[in-house]
1. Does residue 13 satisfy the condition of being assigned to a helix (DSSP H, G or I), at pLDDT 85 or above and either surrounded by 10 or more Cβ atoms within 10 Å (Cβ to Cβ) or not hydrophobic (A, V, I, L, M, F, W, C) (or both)?
2. Would you mention how many residues in the range 53-66 are over 30 Å from residue 18 (Cβ atoms) and assigned to a helix (DSSP H, G or I)?
3. So is residue 85 of a type in the set (Phe, Trp, Tyr), in contact with a His (Cβ under 9 Å, 6 or more places away or on another chain) and at pLDDT 75 or above or not?
4. Report yes if residue 36 is aromatic (Phe, Trp, Tyr), in a loop (DSSP other than H, G, I, E, B) and modelled with pLDDT under 90, otherwise no.
5. Could you say whether any residue in the range 44-55 is at pLDDT below 85 and among the hydrophobic types (A, V, I, L, M, F, W, C)?
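The values are calculated or read from the model by the stated rules, or taken from the named source; none is laboratory data. Note that the structure is a prediction, hence the values are computed from the model and not measured. Ideal geometry is used to build each Cβ from the backbone, glycine not excepted, and the neighbour counts take in all protein chains shown.
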Amino acid sequence: MTLTSDYAMETDGIFSAPLAATQFAKFKLKHWSFQYLASAGLGILNVATLIAVFRFKTQDEFLQEIGEPISEKSPSDDNMYKQIFRHKTVHLVGFFVLAYVGVEVAIGGWAVTY
């Protein structure tokens with residue numbers, strides 16, 4: 001699954017969550033806490049799916065299955081994060097995601113008030 005489709009599914013969830021919460025609030029259900037049970041159920045389903053797909057295997061094990069050679073770790077791999085954070089693009093994408101998620105949360109919170 002690509003990162004784009006992951007964000008698309010996240011956006012669907014962010015869009016639908018306030019609508020579901022509004023329904024719980026609209027009917028003044030005695031058991032409004034069921035909203036948390038629905039979220040917990042989806043979380044458990046997600047974890048079960050990940051376990052079924054990946055079966056607690058490491059990335060190296062999957063690479064061996066498809067015949068990819070596993071590279072030995074070099075001493076320069078210790079500073080991998082330092083190498084990543086030196087790129088300007090990482091900071092720009094991080095700022096974009098921060099702004100994008102902030103707008104989504106603001107709109108999601110605002111949508112429930114109507």
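1. Taking the combined requirement at face value, the residue does not satisfy it.
2. 8
3. Criteria met by residue 85.
4. No, not satisfied.
5. The answer is no, given that none of the residues of the range 44-55 is at pLDDT below 85 and among the hydrophobic types (A, V, I, L, M, F, W, C).
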